[in-house]
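Visitor: Here's a structure for you.
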Number of protein chains: 2
Amino acid sequence: MPDTAAGFARRPENRYGNRPTMKDVAARAGVGLKTVSRVVNGEAGVTPDTERRVQEAIEALGFRRNDSARVLRKGRTASIGLVLEDLADPFYGPLSRAVEEVSRAHGSLLINGSSAEDPDREQELALALCARRVDGLVIIPAGDDHRYLEPEIRAGVATVFVDRPAGRIDADVVLSDSFGGARDGVAHLIAHGHRRIGFIGDMPRIHTAAERLRGYRAALEDAGIPVEDAWMSLGVTDPERVRRAAEDMLSGPSPVTAVFAGNNRVTVTVVRVLAGHTRPVALVGFDDFELADLLRPGITVVAQDPARLGRTAAERLFQQLDGSLVTPERIELPTRLIARGSGELPPAD
Amino acid sequence: MPDTAAGFARRPENRYGNRPTMKDVAARAGVGLKTVSRVVNGEAGVTPDTERRVQEAIEALGFRRNDSARVLRKGRTASIGLVLEDLADPFYGPLSRAVEEVSRAHGSLLINGSSAEDPDREQELALALCARRVDGLVIIPAGDDHRYLEPEIRAGVATVFVDRPAGRIDADVVLSDSFGGARDGVAHLIAHGHRRIGFIGDMPRIHTAAERLRGYRAALEDAGIPVEDAWMSLGVTDPERVRRAAEDMLSGPSPVTAVFAGNNRVTVTVVRVLAGHTRPVALVGFDDFELADLLRPGITVVAQDPARLGRTAAERLFQQLDGSLVTPERIELPTRLIARGSGELPPAD
């Protein structure tokens with residue numbers, strides 16, 4: 001490799017210390033500092049010949065404008081931040097990509113980070129992004145108290161919450177109708193003859209988990225079916241916990257004939273548990289997921305539209321930045337029941 | 001909501017203009033600017049009583065240290081950047097999460113962005129992250145010329161490429177054995193009696209796609225099977241293109257009896273195509289994916305370990321930052337063939 005950087009020495013003791021500065025550019029081009037500044041910032045008052053000399057010096061030295069300095073001077077950087085819950089949950093893939101596409105269409109760079117469902121980490125990340133002077137934040141909140149953002153919002157950082165509402169502050173939020181979606185999904189199972197229906201969901205402090213549980217209860221109440229404690233299990237969505245919850249519901253003194261799964265992580269594990277059972281058990285899951293239609297039976301789901309959630313949230317963020325929005329709103333997107341077989345199985349007993 | 005920020009006015013015309021400054025804190029606490037600076041930076045020489053007064057003023061005003069200023073002053077920020085290829089490809093989920101976990105263990109914030117497989121966008125994003133003074137970059141490259149990074153590397157930015165090698169610079173790279181994995185997968189199909197095997201892969205300019213094609217050719221050559229052009233299709237991995245490629249191979253004058261799919265996006269579409277065919281066709285896919293084992297037949301795959309790729313890359317990045325690495329290396333991780341049924345089907349004819 002003749003043209004590689006094999007000779008680059010790594011100098012951890014002198015990080016950034018040897019970056020070329022505007023002064024270096026000015027010296028090499030034989031012009032004043034103000035002239036370099038004009039060229040870098042695209043200002044008038046430089047002859048084409050001088051501009052060419054400055055550009056050549058910039059090129060030769062590998063000078064890059066320091067955006068940190070620029071941000072301080074101009075108070076403005078073209079970037080927005082996205083605080084995710086989990087980088088590895090496929091639900092957030094299309095949501096992130098939609099936020100990125102809207103951001104890009106507005107000439108803005110998207111930078112992401114993940115809270116890993118930890119409220120402290122969410123706060124640390126959101127404030128770190130603010131300290132890096134993002135224009136706005138799209139947040140999938142892990143915590144339920146967002147008063148820490150008040151100084152940032154007051155200072156002009158646009159803020160939109162998505163998937164779950166903000167806690168203790170008044171902010172834009174874009175989310176799916178978790179209550180209505182879960183109620184419809186459970187009513188679907190009831191319409192197919194089920195009376196003993198289990199619910200396995202995420203931790204009860206998570207808004208969507210609580211709302212979906214409320215929808216489950218409402219559907220049973222609407223049908224005059226008393227709810228049994230043994231049919232409900234909320235907690236972390238790791239496969240071990242969900243597997244135990246499902247096995248318990250399927251094997252107790254009054255085993256369930258159907259399961260409503262509170263999100264895609266839960267559904268995938270329940271599918272695995274049911275694959276090992278001989279007795280058919282009906283299943284409806286909240287969230288669609290890849291290949292749900294190719295399983296046998298296909299998995300009936302209450303689908304959200306994660307790309308639309310992301311797009312709507314990002315568009316509101318840029319409307320805030322335009323100054324065209326003044327009052328925070330709650331935007332609730334509908335869900336859609338997709339029947340594929342697993343939710344239409346009759347009770348086995 | 002009695003304690004919300006309902007009264008917050010959004011002032012797009014005055015972004016950041018009304019942030020409290022150290023001067024405001026000094027005025028409120030009745031101390032000098034230098035004293036506030038000492039408290040903010042944790043320096044000695046402040047009495048406990050004065051420190052308390054300054055902290056109260058910071059609290060009351062919602063003052064936050066401006067990290068942009070800090071970065072300029074100290075030349076150091078605890079953050080690393082990750083340039084992804086596609087936010088919505090599930091392959092990158094565990095990889096990103098692993099990079100984040102290593103980053104967190106080193107007290108560093110991870111910020112991500114995606115190139116969407118566009119070399120210009122990769123460059124724009126990588127340089128924007130450098131301008132925001134990340135200590136290092138983990139890059140899944142979209143382009144094949146990374147000389148634009150030379151000034152950054154020279155200035156001390158640690159750089160590790162992952163999944164695909166850097167182009168025209170000498171840099172650390174961590175990747176899977178795409179050539180060997182594909183050769184093993186195709187040899188597996190040959191061992192089950194197949195002689196007419198199709199290959200559907202990503203765009204040929206992508207390193208992994210080219211390497212996997214090379215592995216496919218090598219396996220056929222090893223078995224003395226002449227390769228036909230009609231059996232090979234490389235291009236974008238969107239479902240329409242892949243579907244057409246698969247249909248063509250399955251319906252020509254010498255239809256294939258088996259398909260080797262070049263990555264998880266291709267495999268998922270081929271599974272859909274084969275689900276609509278009555279004649280069984282064998283399939284081995286590069287990359288494992290969720291639910292591959294629950295399909296009927298289960299999908300035989302050549303599995304990479306994306307979490308290990310991410311972890312290894314991030315660990316090397318922090319070793320570079322420690323100063324404990326001086327010579328760029330290429331680290332190749334092995335793949336693993338997982339037989340589940342689809343790759344063991346005999347030829348249908």
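The values are calculated or read from the model by the stated rules, or taken from the named source; none is laboratory data. On a predicted model such as this, the values are computed, not experimentally measured, just so you know. Ideal geometry is used to build each Cβ from the backbone, glycine not excepted, and the neighbour counts take in all protein chains shown. These area figures cover heavy atoms from the full protein model, side chains too; ligands, DNA and RNA do not enter into them. Shrake-Rupley method; radii C 1.70, N 1.55, O 1.52, S 1.80 Å.
Visitor: Can you give the extra length, in nm with one decimal, that the chain gains between A:E240 and A:R308 once fully stretched, where that is 0.36 nm per residue apart less the Cα-Cα distance?
Guide: 21.3 nm
Visitor: Considering only protein heavy atoms and a 1.4 Å probe, what is the carbon-and-sulfur percentage of the accessible area of chain A?
Guide: 49 percent
Visitor: When only alpha-carbon atoms are used, what values of Rg and Dmax, in angstrom, describe the stretch B:141-201?
Guide: Cα-based Rg and Dmax for the stretch B:141-201 come out at 17.6, 56 Å.
Visitor: Can you list the copy-to-copy distances for B:E101, using a point 7 angstrom from Cα toward Cβ, in nanometres, shortest first?
Guide: Spelled out, the distances from B:E101's label point are 3.2 nm.
Visitor: Between B:R296 and B:S324, take the C-beta separation as r, use R0 = 60 Å, and let me know the FRET efficiency to the nearest 0.05.
Guide: Working from the Cβ atoms, E equals 0.75.
Visitor: About its Cα centre, what dipole magnitude does the protein assembly as shown give when the only charges are +1 on Lys and Arg Cβ and -1 on Asp and Glu Cβ, stated in debye to the nearest 20?
Guide: Computed about the Cα centre, the dipole is about 2080 debye.
Visitor: Can you list the distances in nanometres, one decimal and ascending, from the A:A275 label point to the identical position in each other copy, with the point 7 Å along Cα to Cβ?
Guide: 1.4
Visitor: Same structure, new question: Mind grabbing the accessible area of A:C130 for me, 1.4 Å probe, Å², rounded to tens?
Guide: 0 Å²
Visitor: Which value in nm describes the separation of the simple spin-label points at B:K23 and B:E43, placed 7 Å from the Cα toward the beta carbon?
Guide: 2.0 nm
Visitor: Applying a 10 Å radius around every beta-carbon, put A:153-159, B:31-37, A:215-221 in order of their mean neighbour count, most first.
Guide: Put in order of decreasing packing, that is A:153-159, A:215-221, B:31-37.
Visitor: Determine the shielding of peptide B:265-274 by partner chains: average, over its residues, the number of Cβ atoms on other chains within 10 angstrom of each Cβ.
Guide: Mean shielding count: 1.
Visitor: Quick one: net charge around B:A26, please, counting Lys, Arg +1 and Asp, Glu -1 for every other residue with C-beta under 12 Å from its C-beta.
Guide: That sum, taken over residues with Cβ under 12 Å, equals +4.
Visitor: What fraction of the DSSP beta bridges in the stretch B:246-349 is antiparallel, stated in percent and rounded to the nearest 5?
Guide: 25 percent
Visitor: From Cα pairs below 8 angstrom and at least 6 apart in sequence, can you work out the relative contact order of chain B, rounded to a whole percent?
Guide: Here the relative contact order equals 16 percent.
Visitor: Roughly how large is the B-A contact in terms of buried accessible area, totalled over both chains, probe 1.4 Å, nearest 100 Å²?
Guide: 7900 Å²
Visitor: Additional query: Would you mind telling me the antiparallel percentage of the DSSP bridges in chain A, rounded to 5?
Guide: 10 percent
Visitor: Write down the accessible area per residue of the stretch B:249-308 in Å², having rolled a 1.4 Å probe over the full set of protein chains.
Guide: 31 Å²
Visitor: Using only DSSP helix segments of four residues or longer, with each worth -39500 (n - 2.57), what per-residue ellipticity at 222 nm results for the protein assembly as shown after dividing by its residue count and rounding to 500?
Guide: Taking each H run of at least 4 residues, the total per residue is -12500 deg cm²/dmol.
Visitor: Could you pull out which residues in the stretch B:243-272 have an amide N less than 15 Å from a spot 7 Å beyond the Cα of A:I338, following the Cα-Cβ vector?
Guide: Flagged as within label range: B:269, B:272.
Visitor: In what sequence, highest mean first, do B:42-51, B:111-120 appear when ranked by Cβ atoms within 10 angstrom?
Guide: Packing proxy ranking, top to bottom: B:111-120, B:42-51.
Visitor: If one puts a single equal scatterer on every Cα of the protein assembly as shown and applies the Debye formula without solvent, what log₁₀ I(q)/I(0) results at q = 0.10 Å⁻¹?
Guide: Each listed q maps to, in turn, -1.07.
Visitor: Positive end of the dipole of the protein assembly as shown, charges at C-beta (+1 Lys, Arg; -1 Asp, Glu), about the Cα centre: which of B:A27, A:S103, B:A142 has its Cα farthest in that direction?
Guide: B:A27
Visitor: Packing-wise, with mean Cβ within 10 Å as the measure, how do B:200-210, A:88-98 rank, highest first?
Guide: Most protected by this proxy first, the peptides run A:88-98, B:200-210.
Visitor: Say the dipole of the protein assembly as shown comes from +1 at the beta carbon of Lys and Arg and -1 at that of Asp and Glu; which of B:I331, B:A245, A:S178 then lies farthest toward its positive end?
Guide: Working it through, the farthest residue towards the positive pole turns out to be B:I331.
Visitor: List, shortest first and in nm to one decimal, how far the label point of B:D118 (7 Å from Cα along Cα→Cβ) is from its counterparts in the other copies.
Guide: Inter-copy label distances (nm, one decimal, shortest first): 3.4.
Visitor: Kindly work out what percent of the DSSP beta bridges joining two residues of the protein assembly as shown are antiparallel, to the nearest 5.
Guide: Of the beta bridges lying entirely in the protein assembly as shown, close to 10 percent run antiparallel.
Visitor: Per-residue mean of other chain beta-carbon atoms within 10 angstrom of the beta-carbon, peptide A:168-174?
Guide: If you average over the peptide's residues, the count of other-chain Cβ atoms is 3.
Visitor: Report D for chain B in µm² per second (integer): Stokes-Einstein, Kirkwood Rh on Cα pairs, 4 °C, 1.567 mPa s.
Guide: Stokes-Einstein gives a translational diffusion coefficient of 55 µm²/s.
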